[in-house]
Amino acid sequence: MAAELTGTYLTLDDGRSAVRFTRTYDHPVERVWQFATDPDESAHWFPSRLDIELRDGGTVRFSGDPRQANATGTVLAFDEPRHLSFTWGGDELHFDLEALDGKRTRFTLTQVLAEENTAARNGAGWEVCLLALDALARGEGHGGPHSEDAANWREFYDAYLGAGIPSGAPVPSLDA
């Protein structure tokens, strides 16, 4: 049985490729903002620990991902608690938060891809990461996207391939 995909592959108005995911959380926007921007919170779901200087032009430090070297990025746009975008390698990440009522928030993560052929690989990765965020938002213990608790990335990857999402980029765990 194929994994249920929640991501969408799209071409932005400027011609760049992206993958997008939307979740609704039963938390006010300020709490979901913490999930996305606080280093101790994001460590539970993001592939790397995120240390973000929350200002336009601020530095983003990525560390602790067992599959990637530590790196830095730059905050492209910052509008607390509604929007944060930053560079991550050659890609851009956009977090958009919308208060639906006083108690719920729509969270949209968009990864603008430097290379179209990373869509299936990265989409599968975000599925795993966002399942960890979903567990965190429900108050359930979860070891993060690299833990034994993590969903099976390969099932999502195969489902994205089956859906015809662009692929072909190296996969560190498969191409080593």
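The values are calculated or read from the model by the stated rules, or taken from the named source; none is laboratory data. Computed from a predicted structure; not experimentally measured. We place every Cβ from the backbone using ideal geometry, glycine too, and count neighbours over all the protein chains shown. Heads up: the accessible areas ignore ligands, DNA and RNA and are worked out on the full protein's heavy atoms, side chains in. Shrake-Rupley method; radii C 1.70, N 1.55, O 1.52, S 1.80 Å.
Please list, by residue number, everything in the stretch 116-143 whose backbone N is under 14 Å from a paramagnetic label point 7 Å out along Cα→Cβ of A43. Zone members listed by number: 142-143. Across the stretch 1-134, Cα-Cα distances exceeding 26 Å account for 17% of all pairs. Sorting W153, W126 by solvent-accessible area of protein heavy atoms yields W153, W126, largest first, with a 1.4 Å probe.
Taking 0.36 nm per residue of separation and subtracting the current Cα-Cα distance, fully stretching the chain between D101 and S147 would add 13.2 nm. Each Cα pair under 8 Å and six or more residues apart adds its sequence gap; the mean of these over the residue count of the stretch 1-157 is a relative contact order of 25 percent. Hydrophobic, long helices, defined as DSSP H runs whose alpha-carbon span along the helix axis is 15 Å or greater and whose mean Kyte-Doolittle value is at least 1.6, do not occur in the chain. Can you compute the FRET efficiency between E80 and D134 using 1/(1 + (r/R0)^6), with r the Cβ-Cβ distance and R0 = 35 Å? Round to the nearest 0.05. The value I calculate is 0.95. The solvent-accessible area of V112, taken with every protein chain present and a 1.4 Å probe, is close to 10 Å². Checking every one of the trypsin sites (Lys or Arg not before Pro) in the stretch 92-139 against DSSP loop status and a limit of 13 other Cβ atoms within 10 Å picks out K103, R138. The residues of the chain expose, per residue, 50 Å² of accessible area to a 1.4 Å probe. Taking every protein chain into account, the 1.4 Å probe leaves I52 with about 30 Å² of accessible area, to the nearest ten. Working note: 222 nm ellipticity from helices only, DSSP H runs with n ≥ 4, each -39,500 (n - 2.57), summed and divided by the residues of the chain, gives -7500 deg cm²/dmol to the nearest 500. Residues of the stretch 40-54 with an amide N closer than 16 Å to a point placed 7 Å from the Cα of T72 along the Cα-to-Cβ direction: 50-54.
Close amide H pairs (under 5 Å, H built 1.01 Å from N) link D65 with R49, residues at least 5 positions away or on another chain.
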